[in-house]
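Written out below as structure tokens is the structure these notes cover.
Coordinate-derived values only; no laboratory data. It should be emphasised that the depicted structure is a prediction, and the values quoted were computed from it without experimental measurement. All Cβ positions, glycine included, derive from the backbone under ideal geometry; neighbour counts span all protein chains shown.
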């Protein structure tokens, strides 16, 4: 595959930017030369796609931090203990 890079001078950036912008949009990159030597590489900006954070199951988190419920027998024993000698 032959890959030819488009070049422009620093002066071209000042005077012909709309045309150079179209070249970058079409080809994806542009080499900027300073005094005849390649000095900079302009690339088209592509923002990174942010992944959505996973949904938080708040009810499951709440249940994980709660103590286990008392069994019926343990609940009755606690009630009997609390009543004392009434």
Sort through 47, 67 and tell me the only one that's without any contact (Cβ under 8 Å) to a residue 12 or more places away in the chain, more than 30 Å from residue 25 (Cβ to Cβ) and in a loop (DSSP other than H, G, I, E, B). 67
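Could you please give the count of residues in region 1-14 that are out of contact with any strand residue (DSSP E or B) (no Cβ under 7 Å at 6 or more places or on another chain) and either touching a residue at least 40 places away in the same chain (Cβ under 8 Å) or surrounded by 12 or more Cβ atoms within 10 Å (Cβ to Cβ) (or both)?
Our first condition is that a residue be out of contact with any strand residue (DSSP E or B) (no Cβ under 7 Å at 6 or more places or on another chain); within region 1-14, this holds for 1-4, 11-12, 14.
Filter once more, keeping what is either touching a residue at least 40 places away in the same chain (Cβ under 8 Å) or surrounded by 12 or more Cβ atoms within 10 Å (Cβ to Cβ) (or both): 12.
So the answer is 1.
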Can you report the number of residues in region 30-44 which are part of a strand (DSSP E or B), within 11 Å of residue 8 (Cα to Cα) and touching a strand residue (DSSP E or B) at 6+ places or on another chain (Cβ under 9 Å)? 10
